[in-house]
1. Kirkwood hydrodynamic radius of segment 138-190 from all distinct Cα pairs, in Å?
2. Looking at segment 158-265, I'd like the Rg to Rh ratio, where Rg is from alpha-carbon atoms and Rh is Kirkwood's inverse mean 1/r.
3. Sum up the charges of everything whose Cβ sits under 13 Å from the Cβ of residue 261, counting Lys and Arg as +1 and Asp and Glu as -1, but leave residue 261 out.
4. In whole percent, and with a 1.4 Å probe on the protein chains, what portion of the accessible area of segment 176-281 is carbon and sulfur?
5. Using only the Cα atoms, work out Rg/Rh for segment 223-307, with Rh taken as the Kirkwood radius, to two decimals.
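The values are calculated or read from the model by the stated rules, or taken from the named source; none is laboratory data. It should be emphasised that the depicted structure is a prediction, and the values quoted were computed from it without experimental measurement. Reconstructed Cβ throughout: ideal geometry from the backbone, glycine too, with neighbour counts over all protein chains shown. Quick note on the areas: whole protein, heavy atoms, side chains included, nothing else; ligands and nucleic acids left out. Shrake-Rupley method; radii C 1.70, N 1.55, O 1.52, S 1.80 Å.
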Amino acid sequence: MGHFNAASSVGFILGPVVGGYLNEHEGGFYTSSFTCAAIFLINAGLVWMLPWNEKITDQKETNCSKSVQNGSHAKNHHSVLTAETKADCRALGKPRLRLSEMSLLQPAWRQLTSVSSRIHMVAFSDMWDLFLVRLLMAIAIMLYYSNFSLAMEERFSLKPKMTGYMISYSSTLGALAGFLVGPVTKLYRNNMPALLLHSTVLTCLLIFLYAAAPSVWQVLLTSTFFAISTSIGRTCITDLELQRGGVHASGTLIGAGQSVTAVGRVLAPLLSGLTQEISPCGPPSLGVVLALAAVGLLLIRIPKWDGRGLAKTVKL
């Protein structure tokens, strides 16, 4: 996941530089918007060309054959295959529809039913703490980045081109930090809750230093470590969600996590605009408060988890 985050951060390296360069010319906003839309269309075309079912089918066929072989040598022949494995094996004998052959007007409830029948039910009520931490940190991080160019212009009279260079520099470090997730995890001996807590505390401290920065150089210093802490924290929270929900519910959990982040992206611009009216340092100051709330929640909930981030059960 760290390598995946590093790859996905490459766009954030080039985007601010190109955007800052285009915005300084006449009609720059139109050019930037048109370029962005064109890149989205190209990306959609590339995704549509990807092979969809080949590798997944081969993997399920292998799992089914192994399960049948294990079942033939077992003493108890009644409950060798799980219900999900049987369903997958039966599904392999049926004709598969490619994504291009599926109707785009298929009812949403039918798609949800087909998905929910193939995954285990996840007790989201037991994961409210992780989702709440993700929401708080998403809003806090968005408040750091929202109106960043405007804040740099108002606080330090910085031009958009220089602001774009700073954002690209921070994104470059964020991409490189993705390759540090593995060694840092080994350093913590796979104790993801502790790593998440420490990265959240560091992120909160860096947002505070950015809000109180008296010069551009201090902003540059905070953005250096901010990119690293947020990259590690994003990987930790995703890993904990997958560990708690299980492998079979990974798709549902990733989708739910992205939905929580999307809610933060909706709320952050509104909160940023309101606090920006009060002070240029208003958005990061509110981000500090939200990050502190996330730290407090982690301090309360982590003692109730085990080493993998799962809720401890009380034996009666």
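1. Value: 13.0 Å, from the Cα pair sum.
2. Working: Rg = 15.8 Å, Rh = 15.3 Å.
Radius of gyration over Kirkwood radius for segment 158-265 works out to 1.03.
3. Values: positive: 134, 234, 265; negative: 241.
Here the charged neighbours net out to +2.
4. 72
5. Here Rg/Rh amounts to 1.03.
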